[in-house]
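Working notes, structure below.
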Amino acid sequence: MSNPPQHWSTLLGPANWFRMYYPPQWELDENDGVFALRPPDTDAFLAINSIWIDEETSRQFPALRDIVDQFPKVRGVRAGADFEFDADEALSGDASLETPTGWKQGLFATRNWRSWSMWSIRRPSLMLVITLLHDGQRDPELENLARMVLNSLEVSDEPSDPPEIFAKRALELAQSKFPLLEIELSDDFQIRIGSSILSLSNFYRAYLSHPEDFQKILLPALTTAVQVQGWGDSESSPPLEVVRDRIMPILYSESSWRKNLPGIVGNPWIAGLAVLYVIDEANAYWYVRTDLREQWNLSVDELHSMAIENLDDYFEESPMKMAVAESDEGGATMMIPDKPDTYNTVRLLSDRFLTRLRDVAQSDLAVGVPGRDLFVAVSMKSPEIVSKIRHQVELDYQRTDHPLTDKMLLVTADGVSELIGEAENDD
């Protein structure tokens, strides 16, 4: 691996399987797990496809030639490529992506042949297929840039499980430890243990950083969820004074809330988001039910005010540290929490926190919240960064295991709203 230019953008693959760097002028697209990097003013692209095959299945990785055969028409296929890097196999040749129809087109049409190179990299259960497709004949300048991109590629030697395999392992762990309980996977990356629902998203993020600690990460939370099964009315429907200080707000997709949690107290917010309320426990939390709110004789607004007060107290006791990028003039251009937290994004409901953000940035802010545990705030004085982050938020929303929204939010002195249109430079 070689060191890429410092100003290049970063592409992180699914489940942290790979990391690579690419020129910021190149456009990044993702479709069903396939990443495409597109240089400007050309139809050429560099594509990366990740193929996962569970070791427990009898399936085999496809041969690179089988993948090449998916082109409508190929010619001159040969082993190797015009440049090499640390790959297990390489092929190159020419391909036509056109599919002529009719006997006249078959006889007389001329094909638009495009040069290509293809590489494969294999790890346990994982195969990466990388394809460089030229706009026509080989472009030496494009190949030089592609060589730099591919030489920056880092691939995990022990790839982490994808979300669906992680969830399956979590289910097997729970069933083996607690065989007398009814346990099953549910929608939205959750596991249902008896009457408890446990979101797996935070645990999956922790697992990606420390895949060797799978059981250590999950077992305490599973145990807490099981303990809830033995609760009587005093635990499952506690008096307000017992849990008042542990009522917290949490952001959730409004559509997921209405579909999956109909008996849970919620409040529609903006940009397809809703605010739900939870009781915070040591290793988990449980949602405030409508019947419990009624038992407490609280309105939704009263419950919300109580939760926001506790949220502010939570971060006073455990302050959020931020990674801050500054402009040449000294103001903050971008701010990101330095570590994930269940309550990070919901802090956008706190007027006290919003005032601090705007004071640091010395401007209004565009904020992306693709997932629950992290957000990115960008000064509206940096429209080029806002545009770039908007695109990244759309990609992260598709990849994250606990998605919130692919829309951007706008933080001003008047509060938070959905950001409509592109940012404009205030200078």
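The values are calculated or read from the model by the stated rules, or taken from the named source; none is laboratory data. Nothing here was measured: the structure is a model prediction, and the numbers come from that model. Positions of Cβ are backbone-derived with ideal geometry, glycine not excepted, and every protein chain shown enters the neighbour counts. For the accessible areas, the whole protein counts, side chains as well, though only heavy atoms, and no ligand, DNA or RNA atoms are used. Shrake-Rupley method; radii C 1.70, N 1.55, O 1.52, S 1.80 Å.
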Residues within segment 244-267 that are under 19 Å from Ser186 (Cα atoms) and either surrounded by fewer than 18 Cβ atoms within 10 Å (Cβ to Cβ) or without any contact (Cβ under 8 Å) to a residue 24 or more places away in the chain (or both), tallied: 10
Cβ-Cβ under 6 Å pairs, at least 6 apart or on other chains, segment 298-320 side more than 12 Å from Tyr343 (Cβ to Cβ) and among the aromatic types (Phe, Trp, Tyr), far side surrounded by 12 or more Cβ atoms within 10 Å (Cβ to Cβ) and at pLDDT below 95: none
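Which residue, of Gly421, Gly415, Gly331, is at positive phi and either modelled with pLDDT under 85 or of a type in the set (A, V, I, L, M) (or both)?
Working: Gly415 fails: either modelled with pLDDT under 85 or of a type in the set (A, V, I, L, M) (or both); Gly331 fails: at positive phi.
Every option except Gly421 fails the conditions.
The rows are residues; the columns are (1) at pLDDT 95 or above; (2) within 21 Å of Arg38 (Cβ to Cβ).
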site: Glu84; (1), (2): no, no
site: Glu89; (1), (2): no, no
site: Trp103; (1), (2): no, no
site: Arg111; (1), (2): no, no
site: Leu132; (1), (2): yes, yes
site: Gly136; (1), (2): no, yes
site: Glu158; (1), (2): no, no
Verdict on Met322 being of a type outside the set (D, E, K, R), open to solvent by 20 Å² or more (accessible area, probe 1.4 Å) and under 30 Å from Glu384 (Cβ atoms): yes
Only listed residue being at pLDDT 90 or above, open to solvent by 40 Å² or more (accessible area, probe 1.4 Å) and under 30 Å from Arg169 (Cα atoms), chosen from Arg19, Arg78, Arg59: Arg19
Number of the exception - Val346 against (1) out of contact with any Phe, Trp or Tyr (no Cβ under 8 Å at 6 or more places or on another chain); (2) among the β-branched types (Val, Ile, Thr); (3) open to solvent by 30 Å² or more (accessible area, probe 1.4 Å): (3)
Residues satisfying the stated conditions in segment 37-56, i.e. touching a residue at least 40 places away in the same chain (Cβ under 8 Å), within 27 Å of Leu145 (Cα to Cα) and either open to solvent by less than 70 Å² (accessible area, probe 1.4 Å) or under 27 Å from the mean Cα position of the chain (by Cα) (or both): Leu37, Pro39, Thr42, Ala44, Phe45, Leu46, Ala47, Ile48, Asn49, Ser50, Ile51
Segment 172-216: number of residues that are part of a loop (DSSP other than H, G, I, E, B), over 23 Å from the mean Cα position of the chain (by Cα) and modelled with pLDDT of 85 or more: 5
Subset of segment 268-291 (residues that are open to solvent by 50 Å² or more (accessible area, probe 1.4 Å), in a strand (DSSP E or B) and either at pLDDT below 95 or in contact with a Cys (Cβ under 8 Å, 6 or more places away or on another chain) (or both)): Arg289
Residue under evaluation Val226, criteria (1) out of contact with any Phe, Trp or Tyr (no Cβ under 7 Å at 6 or more places or on another chain); (2) at pLDDT below 90; (3) open to solvent by 20 Å² or more (accessible area, probe 1.4 Å), criterion not met: (1)
